[in-house]
Amino acid sequence: MGVSGSWALRVGLALGALALLLQGLRGWLACKRYEFQPAEIAQLARHHAGLDHELAFSKIIVELRKKHPGHILPDEDLQWVFVNAGGWMGSMCLLHASLTEYVLLFGTAVDTGGHSGMLRAGAVPSTGRYWADISDTVISGTFRQWKEGTTRSEIYYPGDTIVHQAGEATSVQWSAGTWMVEYGRGFIPSTLAFALADTLFSTQDFLTLFYTLRVYAKGLLLEASAFISTFGC
């Protein structure tokens, strides 16, 4: 077998292994048990929509800790971190993170907008075409979304929930003072490339990059601890 034939064989084997890996990952995501439900997070956020966002967030955190003890980061690990992605800028506060789920608070104090990314799944808010489904429930302000393939945008108000299916790409815009609760489910690491790209290649705000990775790591460690505790360790 020549050099070209050997190279083609290696490429074929690599693609086959990748296909098997992706299929296995899809199966795992489809059958695993999730800690949170999208409807649960949306209903909780909707219950507090219209309140001052800081008051609403504090109430939401308290209720999540009651319903999901051991799965919400403690107060000392809660931190508002800037997010730059797709041309827009906001701030997030991560409450829960694992390999397959996250819950966070997100918003902006100034008008901002841009591209949702090439999947919509967001540690890390997001939008984009990733392997994740995301839902946002508006607490205050307005969120505008323009979906690919359409000629009109939609506006969402406090109490509204926006569902972003994996594979979608949209134009997004937040008015100043828009705050929301976001839940993501899927292969969460797939969202990191989009969520961190502007930080790496545009703003070069490496301190924010550190904060983002650190809080995600804390979320993973918390979930690992919760998992181990189920075995009575």
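The values are calculated or read from the model by the stated rules, or taken from the named source; none is laboratory data. Please read all numbers here as calculations on a predicted model, not as lab measurements. No Cβ is skipped: glycine too gets one built from the backbone with ideal geometry, and neighbour counts run over all protein chains shown. Accessible surface areas use protein heavy atoms only, side chains included; no ligands, DNA or RNA. Shrake-Rupley method; radii C 1.70, N 1.55, O 1.52, S 1.80 Å.
Just to be sure before I move on: is Tyr130 modelled with pLDDT under 95, among the hydroxyl-bearing types (Ser, Thr, Tyr) and either buried (at least 21 other Cβ atoms within 10 Å of the Cβ) or in contact with a strand residue (DSSP E or B) (Cβ under 7 Å, 6 or more places away or on another chain) (or both) in the structure I sent? Here the answer is yes, as Tyr130 does meet what is asked.
Going by the structure shown, is Tyr157 within 23 Å of Lys59 (Cα to Cα) and surrounded by fewer than 23 Cβ atoms within 10 Å (Cβ to Cβ)?
Details: within 23 Å of Lys59 (Cα to Cα): yes; surrounded by fewer than 23 Cβ atoms within 10 Å (Cβ to Cβ): yes.
Against the criterion (within 23 Å of Lys59 (Cα to Cα) and surrounded by fewer than 23 Cβ atoms within 10 Å (Cβ to Cβ)), Tyr157 qualifies.
Per the conditions (1) under 13 Å from Leu222 (Cα atoms); (2) at pLDDT below 95; (3) part of a strand (DSSP E or B), the sole criterion not satisfied by His96 is (2). Inside region 172-203, residues that are among the polar types (S, T, N, Q) and open to solvent by 10 Å² or more (accessible area, probe 1.4 Å) make up a count of 5. Scanning region 36-51 for residues that are in a loop (DSSP other than H, G, I, E, B) and either of a type in the set (D, E, K, R) or open to solvent by 40 Å² or more (accessible area, probe 1.4 Å) (or both) yields Gln37, Gly50, Leu51.
Can you name the strands (runs of 3 or more DSSP E) wholly within region 158-201 that have at least 3 residues being at pLDDT 75 or above, closer than 26 Å to Ser140 by Cα and among the β-branched types (Val, Ile, Thr)? Let's see the steps before the verdict.
Numbers: elements: 161-164, 170-174, 178-186.
Fully inside region 158-201 and qualifying: 161-164.
Within region 52-80, residues that are part of a helix (DSSP H, G or I) have Cβ atoms under 7 Å from residues that are open to solvent by 40 Å² or more (accessible area, probe 1.4 Å) and at pLDDT 95 or above in these pairs: Asp77/Lys218, counting only partners at least 6 apart in sequence or on another chain.
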